[in-house]
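> Got a structure for you, written out below as structure tokens; questions coming shortly.
Nothing in this text is a laboratory measurement; each read-out follows from the coordinates by a stated rule. Just so we're clear, the structure is a prediction, and the values are computed from it rather than from any experiment. Cβ atoms come from the backbone with ideal geometry, glycine included; neighbour counts cover every protein chain shown.
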Amino acid sequence: MSGPTSTPDWNSKNSRSNTNRNSSTYGSISNGNGGDVSPKRKSSQHIRIPEHLQRPHLTGSHRSLSDALRAVRSREEQDALLSDDEIADRDGCLREDGGMPGPRQVFCPDPHSGLNVYFNIQRIRRLVLASIEDPYTVDQLKEPRMNVLIVKPLVDRLYDEEDVSIVYCLLVNRMQFLREQHWQHHHQTVNLTRANLCEIVATKVLRKHDEENVGKTGLLLLAKILVAPFQPFQNAPPEIQPERSHWQYQSQGGYEGKLTALEVAIISESKMFLSGSASQKVIDAVYRGRIVYTPTSFLDILPDHYKHKPISLYDPRQAPLLNQYRLIVPRTRNILEVTQFLILLGLYCLCMMRQDHAVFTSAEALFLVYAAGWTLDECASMLEHGWQVHTQELWAFLDVAFVVVYIVYLGVRIFGWAVGDVDYGRQALDILAIAAPILFPRLAFNLMPENMLFIALRAMMKEFTALTIIAVWCFGGFLLALKWLSMGSSKVDFNDSPGPITISKWMLWIWFGLDGTGIQEAPAFHEILGPALMVIYAFLGNTLFLTVLVSILSNTFSKIAADATSEIQFRRAVSTFEGVKSDSLFAYFPPFNLFAFVVLLPLKFVVSARWFHKINITIVRILNAPLLIALGWYERRALWKPVRKKTIGGPSKRVKWGFWSNFNVHADIQAVFEEEPPQEVLDKIEEEDDLEDAILENSFAGLRDRSMSPGSVRPRRRRRRLSSVWQE
């Protein structure tokens, strides 16, 4: 097939039923049973309107104003408190069995292990390959014609209310198509189009789940779609199952090697999918801790998988006051990580101001121990979800740079202390001093993570590093040529010839246009070849290469700024996913994580899993008791919004405004939405809405009858009548 004009026949059973349900003929009034309605009953029935004359909110696939209002109310319920009849377990997780009493499983098995993930992945791949054979841009795929011919049929065919793995399978196929574009050059743009199609279909499937499932149950369903773990070979035939050694995955009770749709979207950089309203709704709920789940990980330094909680809503009123699981809530983790970094920065400044090359000062000892715990925490983050996910974080490159500087400093400092050489201590502190340009910008990245300048700076640093490496590689030939010319020159003594460092310094000055010493000294290398090489290098480096570099960086910034919302929401998704931790080591803050690493890790191989879990949570609760109490008090008051009170006639029962609200000129604008309107106002709104729909339907029906009677109304009059109806 080539292009949308030769789209395969997607008329499945579901699409045929939808067509039959929406089809109608001119002038017929259906009673729902296939027969016509008598004139006496016409007033109580809705008149079928021609499809080309229908208003959007009057069609069967759209909603009226009343339906939209009810949908808004149901979505507001997602932020409201859980009702008292919804029973949660002892950890505050809302039960999915309807509140039936009885013991709950300590380790919840995978509830989605029966889904045919492998079948869905292969099925989606065949459908996408059959749909797209020509390259299209993302904007072309979003056009109405492409949406009708390709996108919507795929959404209707793949959408399944009971299968929450479809979105995951679509994103897995997107990853594969993106991978294939690098080695199938003759199909490169086509595979990119197929990858974009998978992302668009995944976005629409998730949106359809969001539209048809509202309230807290809909939020829970969306969470299962995004953060439920799946394995690509799940329920595949035994003959194609890969053979895995026991050391490839850490034991997690059946969750080994499974990834979530959210993680696959981050790896494949599906920014359009993650910026959708349905995705952001789940991401915000996970970030605030309204949705809780036990994440999967690649490798935990201090694993504690005795318990595994299913994806559920969290009710802080039913949870214990000292709930150690609240330490892995992304919002809490973000605040704690900023606090830990501020402590690290303060100890670093104190260490450098009181440095002593000969001995360890108390300030340096405090910094050394605390930074060791902070480095251990950073290494655990790298191991949990892998290098590819960790480096998607906005400030990951700064953290990695500091870890490298700290490890080199620590090695040189300990070696100098062991051999008793003061010079090594001086060199170690000099190495530590270069961490200042890393730590201070990192604080700005933490405090303003959604600033476009920092988001663009991260991408531009990546491009700049790549181009600089290419430049050094290419211009290394000029360095060798000049050095060899100087060795054979009769004007320069062999022992006095400029060294590679001196020549590199001259070349660097020419590159940035700082100084022309290299061009002045060029005749000393060779009378003709020396100046020629320097001039060619100056042209290529200072003129051509820097111009290309500026153009590429400008283009990168323009692309990011043009889609700023998607970039910000993508970084928010990465931060949220990284914030839900699986390793028990994250419950111990620096430098206590060093104690957990040295003491609890060997203990795990001695005691049983149950006793290790008890010892672990007991120590965590003791060390973090004040913080857990503060979190429990705050979340009981602010995690869920209180139910909005309805006014029962009479004056408003709203509490008097605060002192500062009396000086706010626009206080009434906010106050008018603080309470539900009276019932008589709601009834009047419903009546007006139904009346407007009836008037519009009758207007279109009259217009249709006049257009069908020959000679009754001229075409110009019909067009004027149609425009007036639309204005109404």
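> Provide the convex hull volume over Cα atoms per residue for the range 283-342, in Å³.
Spread over its residues, the Cα hull of the range 283-342 gives 128 Å³ apiece.
> Next question, about the same structure. In debye to the nearest 20, how big a dipole does the range 117-320 give about its Cα centre with +1 on each Lys and Arg Cβ and -1 on each Asp and Glu Cβ?
340
> A further question follows. Please report the relative contact order for the range 453-576, taking Cα pairs under 8 Å with a sequence separation of at least 6, and give it as a percent rounded to a whole number.
Relative contact order for the range 453-576 comes out at 30 percent.
> In the structure shown, do any of 208/581; 142/641; 258/604; 281/581 have a Cα-Cα gap over 28 Å, and if so which?
208/581; 142/641
> Going out from 0 in 5 Å bins, what whole percent of all Cα-Cα distances in the range 117-320 drops into each bin?
P(r) over the range 117-320, rounded to whole percents: 1, 7, 14, 18, 19, 16, 12, 8, 4, 2, 1, 0.
> Also, quick follow-up: Place the peptides 235-241, 432-438, 541-547 in order of packing, highest mean first, counting for every residue the other Cβ atoms within 10 Å and averaging per peptide.
432-438, 541-547, 235-241
> Which Cα, out of 229, 155, 107, lies furthest along the positive dipole direction of the range 97-230 (beta carbon charges, K/R +1, D/E -1)?
Farthest towards the positive pole: 229.
> Related question: Modelled label-to-label distance, residue 618 and residue 414, 7 Å Cα→beta-carbon offset: nm?
Result for the modelled spin labels: 3.2 nm.
> For the range 377-432, which GluC sites (Glu not before Pro) are both in a DSSP coil and crowded by at most 16 other Cβ atoms within 10 Å?
none
> Starting from the Cα of residue 130, step 7 Å along the direction of its Cβ; do the same at residue 450; then give the gap between the two resulting points in nm.
4.3
> Under a Cβ-only charge scheme (Lys and Arg +1, Asp and Glu -1), can you give me the dipole magnitude of the range 453-576 about the Cα centre, in debye to the nearest 20?
In total the dipole reaches around 520 debye.
> With Rg and the Kirkwood Rh both taken from Cα atoms, where does Rg over Rh land for the range 453-576?
Expressed as Rg/Rh, it is 1.19.
> Counting other Cβ atoms within 10 Å, which GluC sites (Glu not before Pro) in the range 515-585 have at most 16 and lie in a DSSP loop?
Loop-located and lightly packed - 527.
> Follow-up question, since we're still on this one. Whole-Hz Karplus ³J(HN,Hα) for the range 219-236, in order, using 6.51 cos²θ - 1.76 cosθ + 1.60 and θ = phi - 60°, x for Gly and Pro?
Running phi through 6.51 cos²θ - 1.76 cosθ + 1.60 with θ = phi - 60° gives 5, 5, 5, 4, 5, 5, 5, 8, 10, 6, x, 9, 10, x, 8, 5, 6, 7 Hz.
> Chymotrypsin sites (Phe, Trp or Tyr not before Pro), restricted to the range 494-537: which are DSSP loop and have at most 11 other Cβ atoms within 10 Å?
Qualifying residues, ordered by number: 494, 512.
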